[in-house]
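I have a structure here, written as structure tokens, and I will follow up with some questions on it.
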Amino acid sequence: MTSKDIEDKLIQGIASIINKDKSSIASDIPFHKLGLDSLGFVEILVFIEKTFNLQLIESGLDKKDFETIQSLASLIHKKL
Amino acid sequence: MKKTTCAGNMSQVVLVLDSAIKHSELHSRLMRFINEFPAVYGGIHRDINLCPYWRISEKAEENLNFTSYNCSNEGDMRTLLGECINKPFKDNSEHLAFHFINIENQKSYLAMTFDHRLFDARGAETFLKLFQQHHENNNDPAISSGIPFTAPAHLSGWLKKFLAGRNVNRKIIAMSKTPPEILPIPSGRNKRFKFRLISFNQQETQTIYDNAYKKAGYLMEMPFLLAVVMQAMHELFRKREMTADSYLASVTIDMRTGEDIKQELFFNHVSYLFFQAQSEIMSNQKELINSIKMQMYEQVKAGIPRDIMEASHLTRIAPLPFLKKIIDIPLKGKISTFIFSHVSKNPLSPDIMGTRIENVFHMPRVSVPPGLGFFSNYFNGRLNLVISYLDGLISNEEVNMLGKNIKEKLTEIPSPLVAMARRGEG
């Protein structure tokens, strides 16, 4: 799976969690600008585990990992 | 009646305004606005062989409960706000009341008291947002167009709801292995609630958000705030020399997914997450935060909040006292040590009828037991925390202690040496 494929899947999942059209979510937007709170963020982490079989909740994530959807896709790509 | 997880409770949202509004004009504008929403004059009905539903009377009463007060200082204002939320609605058809408090024509407070069957907290804020828009658009009647007022009376998808109920029941039984400690409910029939508002300025709020990031992680404000409240509660139990094995916090969460919630304005859309923590980890904030984060993750993954929403529809066919017993028996009546919520978004515009909104906070009455809740919200760069408690449950001294402990732990700025030690330097 390429980083771009991961990015597309992430956009699809995030769009369904925040109830927005996926075309309105740019891959260079930081997560906190998507209007997410703790619960929404955890829903995204659960989506990542279910989709990519990766548990990120305990892996010491910081703002850099979530700077953009692109940066998260690249982190997931490295871990897969 | 669409969702009844908070049926029967009352709450109050308070807008702090930087000057006075002419109360007669406010009253007439509110009256015109409310009359666009006949749903507020509805009520629960149950016809023969039908599940309960929200029925809007053909001849709505259209009589807005509005009171205005003048007072000379903030102390009197706080007493008045307490009176407003403790005053019951006049009957089953009243679900909304407005109170305007003017302090020496310099500052004013607009409080909207509401029945949780009509709105939840976010719905109430959005309703006030629509009032702002109604005023800005010269009383445009289209403000209420496209908002659904009714929910189907029938109960569909029985199997799904019963399976959800079974999952919730399993979760409750799992939690009951170590029943949480609660504060003893005062005897007597006193149902009055008292409130303590802790308001943080913008700088303190920034420190709290920085601490949340450093201690709990990215976008993890809720686990940080909850951990601090749990630690303060543990301290209170310790001071009372009450030995507790564990504490349980019920956290209310909004189940709407979109930012624009006009379509889901009415009725209740909240569900719950449950966080249990053993008293032995209370002195270790890092471990406590990790435990809260993992419990949140596991419950979201297992779909517990959705199951609670689904199962709550069973209240349409099973009486609430029966369902309450199902929860009460395994937990021995100790449903939770306290209720908690954190609302990080607010839809309101910065002013209302030309007057600037300085702050917004909520004053919910909490179900008993536990009769104690902590409610934080964010507005205009500031965080508020309201402690809501049944009169007599905790003393004034104890509320002061809770407030002081929470404030100190939230706004703590570690000294450079402590910060270095935490990073493993030096």
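What tally of residues in segment B:334-351 results from selecting those that are more than 15 Å from B:PRO180 (Cα to Cα) and assigned to a loop (DSSP other than H, G, I, E, B)?
7
Let me ask something else about it. Scan segment A:23-32 residue by residue and report those that are more than 10 Å from chain B (Cβ to nearest Cβ) and closer than 21 Å to B:VAL300 by Cβ.
A:ILE25
I want to confirm something. Restricting to segment B:89-113 and keeping residues that are of a type in the set (Gly, Ala, Ser) and crowded, with 19+ Cβ neighbours inside 10 Å, which single residue is farthest from the chain's Cα centre (by Cα)? Can you show your working first?
Filtering segment B:89-113 down to residues of a type in the set (Gly, Ala, Ser) leaves B:93, B:97, B:108, B:111.
Retained after the next criterion (residues that are crowded, with 19+ Cβ neighbours inside 10 Å): B:97, B:108, B:111.
Numbers: B:ALA97: 18, B:SER108: 23, B:ALA111: 15 Å.
Checking each candidate, the answer is B:SER108.
May I pose another question? Could you look through segment B:181-212, keep only residues that are of a type in the set (Phe, Trp, Tyr) and over 23 Å from B:SER250 (Cβ atoms), and pick out the one that is nearest to the other protein chains (Cβ to nearest Cβ)?
B:TYR209
What number of residues in segment B:262-306 are in a loop (DSSP other than H, G, I, E, B) and at the interface with chain A (Cβ under 10 Å from one of its Cβ atoms)?
Adding up the residues that qualify gives 1.
Quick one: which of B:ARG166, B:ARG189, B:ARG170 is farther than 25 Å from B:PHE119 by Cβ and modelled with pLDDT under 80? Before you say what the answer is, go through the steps one by one.
Working: B:ARG166 fails: modelled with pLDDT under 80; B:ARG170 fails: modelled with pLDDT under 80.
Selected residue: B:ARG189, the only one of B:ARG166, B:ARG189, B:ARG170 that is farther than 25 Å from B:PHE119 by Cβ and modelled with pLDDT under 80.
Which numbered condition in (1) more than 8 Å from every other protein chain (Cβ to nearest Cβ); (2) among the hydroxyl-bearing types (Ser, Thr, Tyr); (3) closer than 28 Å to B:LEU273 by Cα is the only one that A:THR2 fails?
Status for A:THR2: all satisfied but (3).
Right, next: Given the structure, is A:GLU58 under 23 Å from B:LEU225 (Cβ atoms) and surrounded by fewer than 13 Cβ atoms within 10 Å (Cβ to Cβ)?
yes
Next question. Can you name the residue in segment A:33-55 that is free of Cβ contacts under 8 Å to residues at least 12 places away in the same chain and facing another protein chain (nearest Cβ under 10 Å) and is also surrounded by the fewest Cβ atoms within 10 Å (Cβ to Cβ) among such residues?
Checking each candidate, the answer is A:LYS50.
Contact list please: Cβ distance under 6 Å, first residue in segment B:213-239 and at the interface with another protein chain (Cβ under 9 Å from one of its Cβ atoms) and assigned to a helix (DSSP H, G or I), second residue acidic (Asp, Glu) and surrounded by 18 or more Cβ atoms within 10 Å (Cβ to Cβ), pairs at least six apart or on different chains.
Pairs that qualify, where the first residue is at the interface with another protein chain (Cβ under 9 Å from one of its Cβ atoms) and assigned to a helix (DSSP H, G or I) and the partner is acidic (Asp, Glu) and surrounded by 18 or more Cβ atoms within 10 Å (Cβ to Cβ): there are none.
Further, regarding this structure: Which of the residues spanning segment B:174-212 are part of a loop (DSSP other than H, G, I, E, B), small (Gly, Ala, Ser) and buried (at least 16 other Cβ atoms within 10 Å of the Cβ)? Reasoning before the result, please.
Start the filter on segment B:174-212 by keeping residues that are part of a loop (DSSP other than H, G, I, E, B), which leaves B:176-192, B:200-201.
This time we only want the ones that are small (Gly, Ala, Ser), so: B:176, B:187-188.
Correct list: B:SER176 only.
Just one of A:ILE14, A:ILE69 is within 13 Å of chain B (Cβ to nearest Cβ) and either over 25 Å from B:MET255 (Cα atoms) or surrounded by 20 or more Cβ atoms within 10 Å (Cβ to Cβ) (or both); which is it?
Selected residue: A:ILE14, the only one of A:ILE14, A:ILE69 that is within 13 Å of chain B (Cβ to nearest Cβ) and either over 25 Å from B:MET255 (Cα atoms) or surrounded by 20 or more Cβ atoms within 10 Å (Cβ to Cβ) (or both).
Select from segment B:1-25 the residues that are at pLDDT 95 or above and within 15 Å of B:SER68 (Cα to Cα) and list them in ascending order.
If the condition is that a residue be at pLDDT 95 or above and within 15 Å of B:SER68 (Cα to Cα), then B:VAL14, B:LEU15, B:VAL16, B:LEU17 are the ones that fit.
Sticking with this one: Could you please let me know if B:ALA97 is in a strand (DSSP E or B), in contact with a helix residue (DSSP H, G or I) (Cβ under 6 Å, 6 or more places away or on another chain) and of a type outside the set (Asp, Glu)?
Taking the combined requirement at face value, the residue does not satisfy it.
Anything in segment A:15-47 that is in a helix (DSSP H, G or I) and acidic (Asp, Glu)? List them, or say none.
A:GLU43
The values are calculated or read from the model by the stated rules, or taken from the named source; none is laboratory data. Quick caveat: nothing in here was measured; it's all calculated off a predicted structure. Using ideal geometry, Cβ is built from the backbone for each residue, glycine included, and neighbour counts are taken over all protein chains shown.
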